[in-house]
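J.: Here it is, the structure in full.
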Amino acid sequence: MSEFFHAVGVFFDHLASIGWGALVVALLLHFTRLVVRAVAWRNILAASYPSERFRFRPVFGSYVAGVGVNSIVPGRGGDLVKLYLVRHRYPNTTYTTLAATLVTETLLDLVLATLIFLWALTQGVLPSLDVLPSIPAFDWGWLFRHDQATATVVALLTLAAIWIWWWASRHVADFKQRVGAGFSILRDFKRYLREVASWQFGSWVLRIASLYWFLKAFHVNATVHNALLAQVVDSLSTLLPFSPGGAGTKQGLLVYVLKGEASTSQLLAFSVGQYVAITLFNVALGAIALFFMLRTLRIREILRRAKAAEADAKQAG
């Protein structure tokens, strides 16, 4: 992570030149995006549990609390916090169905991210597989340098996932029903488009707009084209959550992809500055939500409660 800390040093060197007005606009757009994402998730939950009345405030609090935890804890621990908080507020829900709703929430993301990635490939700006391992701070470097070991690990993880699915379907009588409930809104495609896809598409527009203003704040050539490329890098850096928010990978990829749009030091300042600003914002917002919902800010204690509650629910099931 030495390259990442070098980038942090570069960021502090450029601190005085930040466009603070543009930075505030970027963070306001980011906050609006979180609100929109929470609306979509609430609608998915409402379709999964028609008899429950999901109020927006606790769902939004659960969502931003999970986002805040994901910003500082690797391995998507924040997703577990989201599920725990919703189930804590709505005891009639189950972890199996709630987990399925998170999958439903990401379906359109997968499609849009793939389309933007394919567009980026046509622009010829992404590094080739031969170049990737040599990019500084690239979190996946080991995977590309040891392709046989990587293939073995992927195969084992795939087999483990198949076995877990098979075991759950045999040992939990209503497993399929609970999973299916999390995808209920997909059975009414018009409702899905109206209550989920429309909001999620709006969240992507807000995300690109936010990146545009982050570029502006750090004096990198601010265009929709460059904002889309920054989004591609963000998506790639979080595919494998080895570090919170893909820290490290993002810096190396952004400098490569946006080369020529600003100096290397400006690109590093943009990358780190965007990461620091969003992380601090997410953590602060998540901390407020956690405090009001659980009256504690101890992340380890919250994760312990969430894992214990999940284990109890599985045992009861």
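The values are calculated or read from the model by the stated rules, or taken from the named source; none is laboratory data. None of these values were measured; they are calculated from a predicted model. Here the Cβ is made from the backbone with ideal geometry for all residues, glycine too, and neighbour counts use every protein chain on show.
J.: Any residue at all in the range 25-42 that's in contact (Cβ under 8 Å) with a residue 40 or more places away in the chain, more than 20 Å from the chain's Cα centre (by Cα) and farther than 18 Å from Glu301 by Cα?
T.: Our first condition is that a residue be in contact (Cβ under 8 Å) with a residue 40 or more places away in the chain; within the range 25-42, this holds for 25-27, 29-34, 36-37, 39-41.
Those still in the list that are more than 20 Å from the chain's Cα centre (by Cα) too: 25.
Then drop every residue that is not farther than 18 Å from Glu301 by Cα, which leaves 25.
Scanning the range 25-42 turns up at least one residue that is in contact (Cβ under 8 Å) with a residue 40 or more places away in the chain, more than 20 Å from the chain's Cα centre (by Cα) and farther than 18 Å from Glu301 by Cα.
J.: Still on this structure: Restricting to the range 19-48, count the residues that are among the aromatic types (Phe, Trp, Tyr) and surrounded by fewer than 20 Cβ atoms within 10 Å (Cβ to Cβ). First the steps, then the outcome.
T.: Taking the range 19-48 as the starting set, the residues that turn out to be among the aromatic types (Phe, Trp, Tyr) are 20, 31, 41.
After this cut, where a residue has to be surrounded by fewer than 20 Cβ atoms within 10 Å (Cβ to Cβ) as well, the list is 20, 31.
Qualifying residue count, the range 19-48: 2.
J.: In the range 74-102, which residues are hydrophobic (A, V, I, L, M, F, W, C) and under 12 Å from the mean Cα position of the chain (by Cα)?
T.: Here is the first cut: in the range 74-102, the ones hydrophobic (A, V, I, L, M, F, W, C) are 80-81, 83, 85-86, 98-100, 102.
If the condition is that a residue be hydrophobic (A, V, I, L, M, F, W, C) and under 12 Å from the mean Cα position of the chain (by Cα), then Leu102 is the only one that fits.
J.: Would you check if Val67 is outside any loop (DSSP other than H, G, I, E, B), touching a residue at least 24 places away in the same chain (Cβ under 8 Å) and crowded, with 17+ Cβ neighbours inside 10 Å?
T.: Working: outside any loop (DSSP other than H, G, I, E, B): yes; touching a residue at least 24 places away in the same chain (Cβ under 8 Å): yes; crowded, with 17+ Cβ neighbours inside 10 Å: yes.
Considered against the rule, which asks whether it is outside any loop (DSSP other than H, G, I, E, B), touching a residue at least 24 places away in the same chain (Cβ under 8 Å) and crowded, with 17+ Cβ neighbours inside 10 Å, Val67 comes out as yes.
J.: Is it the case that Glu261 is out of contact with any helix residue (DSSP H, G or I) (no Cβ under 8 Å at 6 or more places or on another chain), modelled with pLDDT of 70 or more and surrounded by fewer than 20 Cβ atoms within 10 Å (Cβ to Cβ)? Steps first, answer last, please.
T.: Details: out of contact with any helix residue (DSSP H, G or I) (no Cβ under 8 Å at 6 or more places or on another chain): no; modelled with pLDDT of 70 or more: yes; surrounded by fewer than 20 Cβ atoms within 10 Å (Cβ to Cβ): yes.
Here the answer is no, as Glu261 does not meet what is asked.
J.: I'd like to know if the range 192-200 contains one or more residues that are among the charged types (D, E, K, R), out of contact with any Cys (no Cβ under 6 Å at 6 or more places or on another chain), at pLDDT below 95 and surrounded by fewer than 19 Cβ atoms within 10 Å (Cβ to Cβ). Please lay out each step first, then the result.
T.: Step one: filter the range 192-200 for residues among the charged types (D, E, K, R), giving 194-195.
Applying the additional criterion that residues be out of contact with any Cys (no Cβ under 6 Å at 6 or more places or on another chain) yields 194-195.
After this cut, where a residue has to be at pLDDT below 95 as well, the list is none.
No, the range 192-200 contains no residue that is among the charged types (D, E, K, R), out of contact with any Cys (no Cβ under 6 Å at 6 or more places or on another chain), at pLDDT below 95 and surrounded by fewer than 19 Cβ atoms within 10 Å (Cβ to Cβ).
J.: Which helices (runs of 4 or more DSSP H) sit wholly inside the range 171-232 and have at least 1 residues that are more than 24 Å from Thr106 (Cα to Cα) and in contact with a Phe, Trp or Tyr (Cβ under 7 Å, 6 or more places away or on another chain)? Walk me through how you get there before you give the answer.
T.: On the way: elements: 175-182, 189-192, 198-217.
Where helices (runs of 4 or more DSSP H) fall fully within the range 171-232 and carry at least 1 residues being more than 24 Å from Thr106 (Cα to Cα) and in contact with a Phe, Trp or Tyr (Cβ under 7 Å, 6 or more places away or on another chain), they are 198-217.
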